[in-house]
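Here the structure comes first, spelled out in structure tokens, and everything after it is commentary.
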Amino acid sequence: MFLENIRTAITALFSNRMRSLLTLLGVVIGVFAVTTTISMGAIATAGITGELEDFGSQKIIVFTPRDKPLAANFTDNDIEALSRLPLIVQKVQDTAGFAKYDDKEIQLSLSAVSADTTDTKIARGRIYNEQDEAYASKVIILTQDAVQNLFDKDVDPLGKEITLTIANSRTVFTVIGIEEKSGGLLGIGTGDAGTIPLSSFYSVVPYAKKGEYQYLPMQVDLDVNVDDLVSQVKSILERRREKDSFSINTIKGLLDAFGNITKILQSILGGIGAVSLLVGGIGILNIMLVSVTERTREIGLRKALGAKKNVIMQQFMIEAVVLTVIGGVIGVIFAVASLYLIVAAVPFLDKVIINPMVIIMAFGVSVATGIIFGVWPASRAASLSPIEALRFE
Amino acid sequence: MSSVIEARGIKKIYTLEGGLKVHALNGLDLVVEDGQYAAIMGPSGSGKSTLLQILGCLDVPSEGSYKLAGQEVADLSEDELSGIRNKRIGFIFQAYNLLGRSTALQNVALPLMYRGTKAKERNRLAKEALERVGLADRMGHQPNQLSGGQKQRVAIARALATDPDILLADEPTGNLDSKTGDEILGLFQELHEEGRTILMVTHEEEVAKHCQKIIRIRDGVVERIEEVKDRQMATFTGDIP
Ligand SMILES: Nc1ncnc2c1ncn2[C@@H]1O[C@H](COP(=O)(O)OP(=O)(O)OP(=O)(O)O)[C@@H](O)[C@H]1O
Ligand SMILES: [Mg+2]
């Protein structure tokens, strides 16, 4: 009888194609929406965290406070004083200029980092070395964005000479490397930018103050406690500088801030997921209830012809389970597929994360809604006398 | 002869939404002997369908006692009633009541499924029943692809397929032309000769004359029961156009 009932249920599903499809759709949407929204939260979090970790080692940055424009720059002596700490202080200068190749010209943010302290990552070509630094070689590393905007597609930028215009003076630089693009979120390696040796910077930027820095980025190894280091940096600089003439930021601190943002993001997406689940559930309920009249007559007829109550219930149970489970599976497949598509399309997302609990929950709630609202009206109809059920309107 | 149907003081009261009570059956007594072939006649609204539904265990009386083959129906559970409807009674509804999205064959096979008949055997029996009512070429049709008379014949085939010993028919020839109607009456005659009990609601005296008795109903009670003197005999040729 059970096998017969499976056949009956499947036949019933096929003979009421529209109703079946709509119910199926309700489940698909419910499962799909919940799985994608909640998983997107986790994936975005991982993307952001990964992005920050890509930033390399931990970093401490000291800079003159924005509200104290007259605070003195940092000097080589400051760097010297800090150098006994377990960190590498980068000597950095920046300015803006124009880069020209052939008849194309773009605006370029230019930064200079000394060869011994640079941590620029190269995708192609090479980074400048101590020798370039010593001879103030006119060599430049460009970001991929700059390469794209400055050169035609079929031109290999490596070895090409470009003209930099800085403060009205022109200098020819040779492109020796292309920077690795680590993602868009923090803007590392993106935008139209170029990096050159520090000595070259001093030789082409007439107004550059040699040995003075507006900010000092410091690389710290991952296993070093940044908080301890920050207080040491602070005490050293406090002895050397006026009170309140500098601020300290750490990448570790950024991670914490992003942690909070992603938590908010996840709860928002979770909320959207819950709402979609509710909407999907109501959709399922609606279709089930709309078909109650028709189905009540069917139940009356089946009973009139000798079906026992539990046989009818079994049929409706099988129908509901088959529909919701198929719908759930389709929903999960769609969800997983779209998550992969989204991750492939969005640059700073790099890993598809799907928590099995999310799938189980989405699946469970949809299937439960389908079964409850499929079986409950059926159970009511099956308790009527066959004639009452046949007459139901 | 023993009586297969014994109804005493049957009342059926419908309560309408406004609280108004409709007495469809008003203390009706009826005894039908085993193997009897009887017509139920009466004006519209006199309670014929209501009576037939109660006799067919499709509905329960509000009051009174109904014994089917000696068994008090009120003592039976829902599932036992389902069993009786399935095994003993063939019911032909006035409104056919076919499953709209199933074929004629599936409709006829349905009660056989609930009795546990295997699919192959089920289809064979259903086919046989459909052939008997002249619908061999309409087995794959759904009800909305059939004429009123054809639907009625599917409903008859469904009642016959289970080989019941009581056949209850609510205006089985109501939608048929006289030639097809005569064929169905011939079929009923055959079934009667096989020893089955047949109760048939009809509005036509001509049709009722094929039965042994006419039970006349008025206002929810049996007015009188007549023996049919000039009984007509229809023969089943199996030749339905
Ligand atoms: N479900 C119901 N609710 C309320 N009243 C009903 C219901 N079913 C039948 N009735 C009433 O009971 C009475 C008997 O109805 P029934 O259907 O038995 O008549 P009938 O003799 O079969 O008539 P017809 O020849 O027109 O088919 C009618 O007055 C009808 O209005
Ligand atoms: Mg009637």
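The values are calculated or read from the model by the stated rules, or taken from the named source; none is laboratory data. Since the structure is predicted, the reported quantities are computational estimates derived from the model, not experimental observations. Quick reminder, even Gly has a Cβ in these numbers, built from the backbone with ideal geometry, and neighbours come from all protein chains shown. Please note that ligands, DNA and RNA were not included when accessible areas were found on the heavy atoms of the full protein model with its side chains. Shrake-Rupley method; radii C 1.70, N 1.55, O 1.52, S 1.80 Å.
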Exercise for the section: Test residue B:21 against the stated conditions and say whether it is within 12 Å of ligand 1 (Cβ to nearest atom) and in contact (Cβ under 8 Å) with a residue 60 or more places away in the chain. Expected result: no
Practice task
Could you tell me which of the residues B:55, B:135, B:112, B:51 is away from ligand 2 (no atom under 16 Å from the Cβ) and either over 27 Å from residue B:189 (Cβ atoms) or under 18 Å from the mean Cα position of the chain (by Cα) (or both)?
Solution key: B:112
Completion exercise
In the set A:291, A:267, the lone residue that is within 50 Å of the chain's Cα centre (by Cα), among the polar types (S, T, N, Q) and more than 14 Å from chain B (Cβ to nearest Cβ) is A:267
Exercise for the section: Name, by its number, the condition in (1) modelled with pLDDT under 80; (2) in contact with a Gly (Cβ under 7 Å, 6 or more places away or on another chain) that does not hold for residue A:292. Expected result: (2)
Problem - Residues of segment B:31-48 classified as open to solvent by 40 Å² or more (accessible area, probe 1.4 Å), away from ligand 2 (no atom under 16 Å from the Cβ) and not aliphatic (A, V, I, L, M), total - result: 2
Exercise for the section: Would you list the helices (runs of 4 or more DSSP H) that sit entirely within segment A:67-176 and hold 1 or more residues that are modelled with pLDDT of 90 or more and within 30 Å of the chain's Cα centre (by Cα)? Expected result: A:144-150
Exercise for the section: Mind checking which helices (runs of 4 or more DSSP H) fall wholly inside segment A:206-318 and carry at least 1 residues that are touching a Pro at 6+ places or on another chain (Cβ under 9 Å), in contact (Cβ under 8 Å) with a residue 24 or more places away in the chain and over 28 Å from residue A:11 (Cβ atoms)? Expected result: A:226-240
Problem - Any hit, segment A:46-55, residues being touching a Ser or Thr at 6+ places or on another chain (Cβ under 7 Å), more than 14 Å from chain B (Cβ to nearest Cβ) and closer than 30 Å to residue A:268 by Cβ - result: yes
Handout entry: segment A:18-37: number of residues that are at pLDDT 85 or above and of a type in the set (Lys, Arg)
Key = 0
Fill in the blank from the handout: Picking from B:157, B:208, the residue that is within 16 Å of ligand 1 (Cβ to nearest atom) and either crowded, with 23+ Cβ neighbours inside 10 Å or more than 27 Å from residue B:123 (Cβ to Cβ) (or both) would be B:208
Exercise for the section: Any chance you could count how many residues in segment B:1-22 are modelled with pLDDT under 95, within 16 Å of ligand 2 (Cβ to nearest atom) and not β-branched (Val, Ile, Thr)? Expected result: 1
Handout entry: helices (runs of 4 or more DSSP H) completely within segment B:44-156 that count 2 or more residues being more than 13 Å from chain A (Cβ to nearest Cβ)
Key = B:119-132
Practice task
Could you tell me which of the residues A:328, A:364 is part of a helix (DSSP H, G or I) and buried (at least 20 other Cβ atoms within 10 Å of the Cβ)?
Solution key: A:328
Practice task
Looking only at segment B:94-117, decide whether some residue is open to solvent by 30 Å² or more (accessible area, probe 1.4 Å), aromatic (Phe, Trp, Tyr) and within 16 Å of ligand 1 (Cβ to nearest atom).
Solution key: yes
